[in-house]
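The values are calculated or read from the model by the stated rules, or taken from the named source; none is laboratory data. All values reported here derive from a predicted model rather than from experimental measurement. Methodologically, a virtual Cβ is constructed for each residue, glycine included, from the backbone with ideal geometry; neighbour enumeration extends over all protein chains shown. These accessible areas exclude ligands, DNA and RNA; they are computed on the full protein's heavy atoms, side chains included. Shrake-Rupley method; radii C 1.70, N 1.55, O 1.52, S 1.80 Å.
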Amino acid sequence: MGKAIRLRGECQKNIVKLLDGLCGRYSRWEVWQDFIIMSAISIANVLGGPHKEAREREYMNHASRYSSKELEAFAQMLAEVAMEMEREPDQDLLGELFMALGLSNEWKGQFFTPYDICRAMAAMNLGEDLKSQIEEKGWVSVSDPACGAGALLLAFANECKRNHINYQTSVFFVAQDIDFLAGCMCYIQMSLLGCPGYVVIDDSILHPAQSYNEDGLIPKNSPNVWLTPMYFRDVWHWRRIFAQLDLITQTKERTHGKPDM
């Protein structure tokens, strides 16, 4: 007899029901992987960008395994995730489901940090110093170099909200993970929560996230970089323009020397 799955709430039950309805030809692990990758690409490709065609080909590689009716079930699963995160944003829905389904055993034996612990860590890191930085500069950047499904960054966003900080305009999120599937789960949840920033899917030790400016605001273009929808919000657009102007000024000063006083 298989191990019982402990699920929380109707959303998780609905997703698992839809997921298991797609199993048969493929294992639960394969269906979950296809769901996560196709969902991440669906969000990213709404925005276009230089990697749209390559990601569209990746999407079709996964979608071609299923019928039109089965693809509708994938769309329903993503809708369930979106509705649940709208109802209760203060959770790691995909990470929790991933662990509950026992998929980590087929993955890499890794264990996602429980969301309650991430909440405690976020609360400890959000103090008066961070608030004063936001008041002085207008925003701060936060980073997680081993993000998993994004629980720590999601918890930080929600902790900001509890402290009356608008994270969508005042916090810039940079996430990184070596695993493609984990990075995609993080990207989906950051996008649905409205976190401005990006996810880098690469080895954070050998190839750490790189940016043209020290705050991480302007990442170096790479197919490994997944920009969230909120990254394109007007307030962040103007901040990138000002950051680019600062970079141009700094380059001129290095090239020609600072003007005599």
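Identify, please: which residue in region 118-134 is of a type in the set (A, V, I, L, M) and open to solvent by less than 90 Å² (accessible area, probe 1.4 Å) and is, among those, nearest to F172 (Cα to Cα)? Among them, the one singled out is I134. One residue stands out in region 28-47 among those that are open to solvent by less than 30 Å² (accessible area, probe 1.4 Å) and small (G, A, S): the one that is farthest from F98 (Cα to Cα), namely A44. In region 230-252, which residue that is open to solvent by less than 70 Å² (accessible area, probe 1.4 Å) and of a type in the set (F, W, Y) is nearest to P196 (Cα to Cα)? The qualifying residue nearest to P196 (Cα to Cα) is Y231. Close contacts from region 183-199, counting a first residue that is under 20 Å from Q33 (Cα atoms) and a second that is crowded, with 24+ Cβ neighbours inside 10 Å and aromatic (F, W, Y), with Cβ to Cβ under 6 Å and a gap of 6+ residues or different chains, come to Y187/W226; V199/Y187; V199/W226. Being open to solvent by 60 Å² or more (accessible area, probe 1.4 Å) and among the basic types (K, R): is that true of R25 here? Yes: the conditions hold for R25. Of the residues screened, Y59 is one that is at pLDDT 95 or above, in a helix (DSSP H, G or I), over 23 Å from C195 (Cα atoms) and among the hydroxyl-bearing types (S, T, Y).
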